[in-house]
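The values are calculated or read from the model by the stated rules, or taken from the named source; none is laboratory data. Source: prediction; values computed, not measured. Cβ placement follows ideal geometry from the backbone for every residue including glycine, while neighbour counts extend to all protein chains displayed.
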Amino acid sequence: MTMHVYVPDHVAPNPPILTLVHYCGGTASAVFGQARGGGIVDAADEHGFIMVVPSSGRCWDVVSNKTRTREGGGDSHAIRQMVKYAIDTYGGNADRVYATGDSSGGMMTELLLALYPDVFKAGAAFAGMPAGCRAANESGNNGGYSGACAGGSVTHTAQEWGDIARSLAPGYAGHRPRLQLFHGDADTIIRYPNHTEAIKQWSDVLGVSASPTSSDTGVRLGNHDATRQRWENECGYVVLDAFTSMGGDHGPSDALFPAEYVIPFLGLDKAGPVDPEIEECSGGAGG
């Protein structure tokens, strides 16, 4: 596994860090190209945040006991260490760390948010699956991802999903990272039920209603119409933001990393030492 870092020409003071995680069999350069196509790299140039791009050339392990354990030495821990290195080396802001990824990288994004809620303030997952998803008969000694989960056959109640996510960071009682989700309802690789199951999980983790605060059908994602559902927390901040590409395929491939949605949700268009949600809802307290 290798670490790649994109440092824009004009870096913001104490810059935020965006971790960009590639798809199964992808590379740092490939996912960076996808992010550039969506406008994320231009946003880094404009707003001065740093991008950390891990590369494995394979599927990320999101299913083994090792990767599902904090500081456990697996893929998730390696990515967390890359973030720490970027903070130490480039003066990155430890209070403004974010993640995004597609497919296997989307799965890893959701896992990172559940494992390290003390590190990541928010994430955007494309064609991912619920954090900790693993079928009852699948071994924790295997790597990669769960075939049963990918097929959309693993379901739980919101409470059960929430408990799975909370179990990944035992004893943690602090701020939970907000999450943005994108999925095509015609995805034949990571089936669409993963989207609805992830909504159940993260609505429970974030302590919001099962029903969205608002819904919008007048959205376009790439070449497809889309629906958008948003959930606000008690202070009125959107903490869960879910897009469904109607007829969209895996990715969805025509709408990966759209900066117009991802950057504002993560708050990377805003300057300052504190994450915008923390600033608005907690009076500016970091952590």
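Considering only residues that are under 11 Å from Leu179 (Cα atoms) and of a type in the set (A, V, I, L, M), which ones fall in region 94-111?
Ala99
Could you list, in sequence order, all residues of region 42-81 that are surrounded by 20 or more Cβ atoms within 10 Å (Cβ to Cβ) and of a type in the set (A, V, I, L, M)?
Within region 42-81, Ala43, Ala44, Ile50, Met51, Val52, Val53, Val62, Val63, Ile79 meet the criteria.
When only residues in region 125-149 that are of a type in the set (A, V, I, L, M) and surrounded by fewer than 24 Cβ atoms within 10 Å (Cβ to Cβ) count, which is modelled with the lowest pLDDT? Break it down stepwise before answering.
Quick first cut of region 125-149, residues of a type in the set (A, V, I, L, M) only: 125, 127, 129, 131, 135-136, 148.
Then drop every residue that is not surrounded by fewer than 24 Cβ atoms within 10 Å (Cβ to Cβ), which leaves 135-136, 148.
On the way: Ala135: 83, Ala136: 78, Ala148: 91.
It comes out as Ala136.
Would you tally the residues in region 165-199 being farther than 26 Å from Pro252 by Cα and either crowded, with 17+ Cβ neighbours inside 10 Å or at pLDDT below 95 (or both)? Lay out the reasoning, then the answer.
So in region 165-199, the residues farther than 26 Å from Pro252 by Cα come out as 166-176.
Still in the list and also either crowded, with 17+ Cβ neighbours inside 10 Å or at pLDDT below 95 (or both): 166, 168-169, 175-176.
Matching residues across region 165-199 total 5.
Which one is nearest to the chain's Cα centre (by Cα) among residues in region 112-122 that are over 21 Å from Tyr261 (Cα atoms) and of a type outside the set (Val, Ile, Thr)? Even if it seems obvious, please write down each step before you answer.
To start, the set of residues in region 112-122 that are over 21 Å from Tyr261 (Cα atoms) comprises 114-119.
If we keep only those that are of a type outside the set (Val, Ile, Thr) too, we end up with 114-118.
Values: Ala114: 10, Leu115: 12, Tyr116: 12, Pro117: 12, Asp118: 14 Å.
For region 112-122, the residue satisfying everything is Ala114.
The rows are residues; the columns are (1) outside any strand (DSSP E or B); (2) under 15 Å from Gly106 (Cα atoms); (3) under 19 Å from the mean Cα position of the chain (by Cα).
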site	(1), (2), (3)
Ala148	yes, no, no
Glu160	yes, no, no
Pro170	yes, no, no
Ala186	yes, no, no
Asn194	yes, yes, yes
Lys200	yes, no, yes
Ala210	yes, no, no
Arg228	no, no, yes
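Tell me the residue from Pro117, Pro130 that is closer than 12 Å to Leu179 by Cα, touching an Asp or Glu at 6+ places or on another chain (Cβ under 7 Å) and in a loop (DSSP other than H, G, I, E, B), please.
On the way: Pro117 fails: touching an Asp or Glu at 6+ places or on another chain (Cβ under 7 Å).
Within the list Pro117, Pro130, the selection yields Pro130.
Among the residues in region 81-104, are any under 29 Å from Asp187 (Cβ atoms), in a helix (DSSP H, G or I) and touching a Leu at 6+ places or on another chain (Cβ under 8 Å)? Lay out the reasoning, then the answer.
So in region 81-104, the residues under 29 Å from Asp187 (Cβ atoms) come out as 82-83, 97-104.
Now restrict to residues that are in a helix (DSSP H, G or I): 82-83, 104.
Still in the list and also touching a Leu at 6+ places or on another chain (Cβ under 8 Å): none.
So far as region 81-104 goes, no, none of its residues is under 29 Å from Asp187 (Cβ atoms), in a helix (DSSP H, G or I) and touching a Leu at 6+ places or on another chain (Cβ under 8 Å).
Cβ-Cβ distance below 8 Å, separation of 6 or more or different chains: which pairs start in region 248-267 with a residue that is under 27 Å from Arg176 (Cα atoms) and in contact (Cβ under 8 Å) with a residue 60 or more places away in the chain and end on one that is of a type in the set (Val, Ile, Thr) and not in a loop (DSSP other than H, G, I, E, B)?
Matching pairs, first to second residue: Phe257/Ile40; Phe257/Thr100; Ala259/Ile40; Val262/Ile40; Val262/Thr100; Ile263/Ile40; Phe265/Val238; Leu266/Thr100.
From the set of residues in region 230-251 that are among the small types (Gly, Ala, Ser) and not in a strand (DSSP E or B), which is farthest from Asn194 (Cα to Cα)?
First, the residues of region 230-251 that are among the small types (Gly, Ala, Ser): 236, 242, 245, 247-248, 251.
Filter once more, keeping what is not in a strand (DSSP E or B): 236, 247-248, 251.
Details: Gly236: 26, Gly247: 16, Gly248: 14, Gly251: 13 Å.
Per the criteria, the residue is Gly236.
Pairs, please: C-beta under 6 Å, at least 6 apart or cross-chain, first residue of a type in the set (A, V, I, L, M) and in region 56-74, second modelled with pLDDT of 95 or more?
Hits for this filter: Val62/Met107; Val62/Met108; Val62/Leu111.
For a quick check of your reading of the model, give me the residue pairs whose first member lies in region 95-106 and is under 15 Å from Tyr145 (Cα atoms), whose second is of a type in the set (Phe, Trp, Tyr) and modelled with pLDDT of 95 or more, with beta-carbon atoms closer than 6 Å and at least 6 apart or on different chains.
Sorted first by the residue in region 95-106, then by its partner, the pairs are Asp102/Tyr23; Asp102/Phe126; Ser103/Tyr23; Ser104/Tyr23; Ser104/Trp60; Gly105/Tyr23; Gly106/Phe126.
Just to be sure I understand, how many residues within region 1-31 are hydrophobic (A, V, I, L, M, F, W, C) and closer than 19 Å to Pro252 by Cβ? Write out each step before concluding.
Keep residues of region 1-31 that are hydrophobic (A, V, I, L, M, F, W, C), which gives 1, 3, 5, 7, 11-12, 17-18, 20-21, 24, 28, 30-31.
Subsequent filtering for residues that are closer than 19 Å to Pro252 by Cβ retains 20-21, 24, 30-31.
Residues in region 1-31 being hydrophobic (A, V, I, L, M, F, W, C) and closer than 19 Å to Pro252 by Cβ: 5 in total.
When residues of region 53-82 are filtered for being among the aliphatic types (A, V, I, L, M) and in contact with a helix residue (DSSP H, G or I) (Cβ under 9 Å, 6 or more places away or on another chain), how many remain?
So the first thing to find is which residues in region 53-82 are among the aliphatic types (A, V, I, L, M), and the list is 53, 62-63, 78-79, 82.
Those left that are additionally in contact with a helix residue (DSSP H, G or I) (Cβ under 9 Å, 6 or more places away or on another chain): 53, 62-63, 79.
Result for region 53-82: 4.
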